[in-house]
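The values are calculated or read from the model by the stated rules, or taken from the named source; none is laboratory data. Source: prediction; values computed, not measured. Positions of Cβ are backbone-derived with ideal geometry, glycine not excepted, and every protein chain shown enters the neighbour counts.
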Amino acid sequence: MSSYAPLLAALVALLAGLTIGKAWERYKLRDGKWIDRRRARESPHYILGLNFLVANQIDLAIEELSRAASLDADALEVHMILGNLYREKGQVGKAITVHQNLLQRPRLSRLEHAYVLLCLGLDYKRGGFVERALEAFTEVLRLDPKNEYALLNLQKLHEEQHQWTEAYDTRQRLSKLAGDPRPQNQAILAFLENEIGLEAMRRKEYTEATRRFEAAIDLDARAVPAYLNLGDVRVAQGHERDAATIWERVVEVAPDRAYLAFDRLEALAVRTGNPDRFTRLCRRLIEDNPQDWRARLALSRHLAASGRPSDALDLLFAALVQNPHALSIHQAIWRALAALHHPPSLVNRYGELTEHAVFYLDPHVCVRCRYRSTELLWQCPHCHDWNTFVEERIAPAQDTTEVEV
């Protein structure tokens, strides 16, 4: 039995050490009193605050978390959450004060310091203090070089300032952290390359612009604006045949966005004396996708301009079946009917097709934040994400009445 005594003593010492360590972790001596570090997190106010936060009841969440924080002024995470809630509520000054006070604590770990700075950077960004936000996010990255949130917010700040090169470099760092060429990173880098190319194009530095647009296409084969802008560069350089080839590639790689090149292709076809080239392109798109109302609309405008309003009207009626609510189709029909002096049979047919239509101006909506726009935008002005707009279509109502036999 005596042989087990040293082992037993070592075990008792180990358990005592663990107990003391846990107690030291949990309790803190302050003003001569032992304070339970977990009181704030284990209080009902903390739990209620989190529940209200999940339910998006910000005011109630602030009230309960403030009570939880009063139980322990050193509860770092509770104060960080409170500051973030003040920011989300629009009380930016209050959020900045909370997070600045947290930075004054003498024993913050390196990681804690980085995350408080990140919150402060978000406060500055929300308040419009761009330079301070840039400094805060840069300092976060000095403390924690792999902080993806700091990199992402730094990129967004550069984008908002149209500092496209800096935004591109930041996104590259973020992409390297991911460890693999993810499609989302490649697509965003492509859009940023395109913006850098546009700046070069405005300066008439066509060689640099071409390099940027081609790099964007290499990064993402569906980078539609890069194709459009690269074709514009070719036209500016006097290479119209190359421009036509580039714009027609949009039809191959992104047929759902082909309509963005229609005006360019039609103008070029007419200018070069080969209008049938545009006609063949539109008919091929219609054949490949019978629901493509935009190709029908573009072809109808082309035919109407060529003095063929009757053929144009047939295409417009077919487009109307696919999308009866697009105002642009109705406007084209009114013009075609006017050119034909309003034949009663065609006017009646138009009335039958539009009996239940609701007109609207081809709206687009951001799938991330639901921001609406009458035109296709490559970057959402509200949430600042790239390539998130889709065309909003109003589906015809379905008759759910059952017919009794």
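The set of residues from region 128-142 being within 20 Å of A95 (Cα to Cα), assigned to a helix (DSSP H, G or I) and not aliphatic (A, V, I, L, M) comprises E131, R132, E135, F137, T138, E139.
Could you list, in sequence order, the residues of region 275-311 that are charged (D, E, K, R) and under 12 Å from P255 (Cβ atoms)? Listed by number, the residues that qualify are R284, E287, D288, D292, R294. Within region 79-109, the only residue that satisfies the criterion of being hydrophobic (A, V, I, L, M, F, W, C) and not in a helix (DSSP H, G or I) is L108.
When P145 is tested against (1) assigned to a helix (DSSP H, G or I); (2) surrounded by fewer than 15 Cβ atoms within 10 Å (Cβ to Cβ), just one condition goes unmet, and that condition is (1).
Among the numbered criteria (1) within 24 Å of V390 (Cβ to Cβ); (2) surrounded by 13 or more Cβ atoms within 10 Å (Cβ to Cβ), which single criterion is violated by L346? All conditions pass for L346, except number (1).
So that you can scan it fast, the table gives a plain yes or no per residue for (1) crowded, with 18+ Cβ neighbours inside 10 Å; (2) within 28 Å of F191 (Cβ to Cβ); (3) modelled with pLDDT under 85; (4) of a type outside the set (D, E, K, R):
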{"residue": "L50", "(1), (2), (3), (4)": "no, no, yes, yes"}
{"residue": "H79", "(1), (2), (3), (4)": "yes, no, no, yes"}
{"residue": "R107", "(1), (2), (3), (4)": "no, no, yes, no"}
{"residue": "L120", "(1), (2), (3), (4)": "yes, no, no, yes"}
{"residue": "N153", "(1), (2), (3), (4)": "yes, yes, no, yes"}
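Filtered by the rule that a residue be more than 35 Å from the chain's Cα centre (by Cα) and not in a loop (DSSP other than H, G, I, E, B), region 293-309 gives L303, A304, A305, P309.
Looking at (1) out of contact with any Pro (no Cβ under 6 Å at 6 or more places or on another chain); (2) over 28 Å from A221 (Cα atoms); (3) exposed (fewer than 15 other Cβ atoms within 10 Å of the Cβ); (4) not hydroxyl-bearing (S, T, Y), can you tell me which one N323 breaks? It is condition (3) that N323 fails.
Among the residues making up region 310-353, those that are within 41 Å of the chain's Cα centre (by Cα), more than 20 Å from L285 (Cα to Cα) and part of a helix (DSSP H, G or I) are L327, H330, Q331, I333, W334, R335, A336, Y350, G351, E352, L353.
Going by the structure shown, is K125 in a helix (DSSP H, G or I), closer than 30 Å to L189 by Cβ and touching a residue at least 60 places away in the same chain (Cβ under 8 Å)? Judged against the criteria, K125 is not a match. Within region 361-372, the set of residues being surrounded by fewer than 16 Cβ atoms within 10 Å (Cβ to Cβ) and either part of a loop (DSSP other than H, G, I, E, B) or not charged (D, E, K, R) (or both) comprises L361, V367, R368, C369, R370. Only residues that are surrounded by 17 or more Cβ atoms within 10 Å (Cβ to Cβ) and part of a loop (DSSP other than H, G, I, E, B) were counted in region 61-77, giving 2.
Residues in region 177-229 that are within 23 Å of K156 (Cα to Cα) and of a type in the set (V, I, T) were compared, and the one that is nearest to the chain's Cα centre (by Cα) is I188.
Tell me, yes or no, whether region 302-320 has at least one residue that is farther than 27 Å from V224 by Cβ and surrounded by fewer than 13 Cβ atoms within 10 Å (Cβ to Cβ). Yes: region 302-320 contains one or more residues that are farther than 27 Å from V224 by Cβ and surrounded by fewer than 13 Cβ atoms within 10 Å (Cβ to Cβ). If I filter region 110-122 for residues that are in a helix (DSSP H, G or I) and over 27 Å from E64 (Cα atoms), do I get at least one hit? Yes, region 110-122 contains a residue that is in a helix (DSSP H, G or I) and over 27 Å from E64 (Cα atoms).
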